[in-house]
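Participant: Pasting a structure below so you can have a look.
The values are calculated or read from the model by the stated rules, or taken from the named source; none is laboratory data. Keep in mind the model is a prediction, meaning the values are calculated, not measured. Note that each Cβ is placed from the backbone with ideal geometry, even for glycine, and that neighbours are counted across all protein chains shown.
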Amino acid sequence: MIGFLAGRVARAGVTLLLVLVVTFAGARISGNPFDYLYDDGLTAEQRAELSAEFGLDRPLPAQFAAYVGALATGNFGVSIAQRRPVLDLYAEALPSTLVLAVSAFALTLAVGLPLGVLAAVRRGRFWGGVAMGVAFLGYAMPHFVLAIILVLVFGLALSWLPSVGGDTPWHYVLPTVTLAAGLVASVVRFLRGEMLEVMGQDHVRTARATGLSGPRVLWGHVARNAALPVLTIVGLQLNGLINGSLIIETVFALPGIGQTFVGAVQVRDYPVLQFGVMAYALVVVVINLGVDALYAVADPRIRRGGATRMAEA
């Protein structure tokens, strides 16, 4: 188990290092922040003074070494646009993003899992078709299209819910539904497929032949054996929450991490941009490590297989 996880951690470390290098170089290739922050232009003296203030007057290798050294001490830099610590900006935006992500994830599980079971158990019947119809609709409709429809219907036409800002819990209803829609569709389709595959296996037919009731077969044999693959899709949904929140927060003007990150991209605010990418990569890596650990705990064959491959290598 330890060797299995150690290999995954080593790969994660290499991934984060590559992300760090690519992000640092890509941010600087994309343009100079002073060109976006000062529309009226700067004199040569003003540009030189600002470059020296933020350490942008040094060669790229020296800038990178200084950046890595600062990261090692827990210094994530100061925003070029707002002249505030980067960590403070993201700390202020984090609660709004957490509310959106947790709400969307809870809605995904509360709706996706029952619909997935319903689509498998009632395959070829009316309610099974309804469940798959909901999944297809959520899967086919892009986030921004659904967001616009919800805003037009519930925000403007009916005036039931606010569609801009994040001042009250009601401001999160439309963004939560928008973000969860595609995730629900993925869970329903994946869970239905896994359950149908398990339902066709010999041990399930044997359990039915011995006279076990339908619910006991469903939950004791089908759901239990389909649970392991579902861990993967649930873990991927967490990554999807992060990706989707960037779009959703921008559409609904939520004061979250997505808004902070998009604003940094627009003005090439290097420190804010770099921290956002690295934080995103770290979260994705941690989620994937968590899913791998759950897999290893749930199915010992996985960690034994991983150890065998490492030994052969």
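Participant: Can you tell me which residue is surrounded by the fewest Cβ atoms within 10 Å (Cβ to Cβ) among those in the stretch 60-119 that are of a type in the set (Val, Ile, Thr) and not in a helix (DSSP H, G or I)? Walk me through it before giving the result.
Facilitator: Within the stretch 60-119, the first condition is being of a type in the set (Val, Ile, Thr), and the residues that meet it are 68, 73, 78, 80, 86, 97, 99, 102, 108, 111, 117.
Right, trim to not in a helix (DSSP H, G or I) and you get 73, 78, 80.
Working: THR73: 7, VAL78: 18, ILE80: 23.
Among residues in the stretch 60-119 that are of a type in the set (Val, Ile, Thr) and not in a helix (DSSP H, G or I), the one surrounded by the fewest Cβ atoms within 10 Å (Cβ to Cβ) is THR73.
Participant: Let me ask you something else. Would you call LEU294 over 26 Å from PRO169 (Cα atoms), modelled with pLDDT under 65 and of a type outside the set (Phe, Trp, Tyr)? Reasoning before the result, please.
Facilitator: Numbers: over 26 Å from PRO169 (Cα atoms): yes; modelled with pLDDT under 65: no; of a type outside the set (Phe, Trp, Tyr): yes.
Answer is no for this residue.
Participant: Looking only at the stretch 1-11, how many residues end up being at pLDDT below 80, assigned to a helix (DSSP H, G or I) and out of contact with any Gly (no Cβ under 7 Å at 6 or more places or on another chain)?
Facilitator: Just the residues of the stretch 1-11 that are at pLDDT below 80, to begin with: 1-9.
Within this subset, residues satisfying the condition of being assigned to a helix (DSSP H, G or I) are 2-9.
Next, only the ones that are out of contact with any Gly (no Cβ under 7 Å at 6 or more places or on another chain) stay: 2-3, 5-6, 8-9.
Count: 6.
Participant: So how many residues does the stretch 21-45 have that are in a loop (DSSP other than H, G, I, E, B) and loosely packed, with under 12 Cβ neighbours inside 10 Å? If you could, list the steps in order and put the result at the bottom.
Facilitator: Filtering the stretch 21-45 down to residues in a loop (DSSP other than H, G, I, E, B) leaves 30-32, 38-43.
Subset that is loosely packed, with under 12 Cβ neighbours inside 10 Å: 31, 39-41, 43.
Final tally of qualifying residues: 5.
Participant: Shifting gears a bit: Within the stretch 46-59, track down each residue that is surrounded by 13 or more Cβ atoms within 10 Å (Cβ to Cβ) and outside any helix (DSSP H, G or I).
Facilitator: Within the stretch 46-59, PHE54, GLY55, LEU56, ASP57, ARG58 meet the criteria.
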